[in-house]
Amino acid sequence: MVALVAHLTASEGNAKRLEELLRLLVERSREENGVLQYTAHRDCDDESSFWMYEVYADDEALAAHRARKPLEALGSAFHEAIATPPSITLLTPLASR
């Protein structure tokens with residue numbers, strides 16, 4: 001199993017648009033094999049700050065997800081909605097319930 005956390009910051013005036021795009025990404029992830037969890041979160045203290053938590057069955061599932069280029073499929077709308085490129089941290093799950 002492999003997981004990742006991604007932090008995204010909406011560009012000025014685009015928090016609602018970024019939220020819509022992240023919801024679309026979550027919906028599209030349901031079509032992918034090996035995606036165990038794909039969750040979008042909004043920061044409670046900063047409405048322009050979003051977090052994605054993703055869990056994949058294995059490295060191959062993550063590679064397949066990345067090969068689909070989900071952000072590129074959103075086109076310029078995604079790039080206009082973010083202030084800076086997403087910060088992504090890969091994780092190895094240790095324990096879960």
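At a glance:
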item: Sole residue being loosely packed, with under 14 Cβ neighbours inside 10 Å, at pLDDT 95 or above and not in a helix (DSSP H, G or I), chosen from THR9, THR39; result: THR39
item: Helices (runs of 4 or more DSSP H) fully within segment 47-97 counting 1 or more residues that are touching a residue at least 60 places away in the same chain (Cβ under 8 Å) and surrounded by 11 or more Cβ atoms within 10 Å (Cβ to Cβ); result: 59-67, 76-81
item: Test: SER29 is over 24 Å from LEU94 (Cα atoms), of a type in the set (Ser, Thr, Tyr) and out of contact with any Cys (no Cβ under 8 Å at 6 or more places or on another chain); result: no
item: Selection from segment 51-97 of residues that are under 12 Å from the mean Cα position of the chain (by Cα) and at positive phi; result: LYS69
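Let's see how each residue does on (1) under 14 Å from the mean Cα position of the chain (by Cα); (2) farther than 18 Å from ALA67 by Cα:
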| residue | (1), (2) |
| --- | --- |
| HIS7 | yes, yes |
| GLU12 | no, yes |
| ALA15 | no, yes |
| ARG28 | yes, no |
| GLN37 | yes, no |
| SER49 | yes, yes |
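The values are calculated or read from the model by the stated rules, or taken from the named source; none is laboratory data. Fair warning: this is a prediction, and the values are worked out from it, not measured in the lab. Every residue, glycine among them, receives a Cβ derived from its backbone with ideal geometry; neighbour counts consider all protein chains shown.
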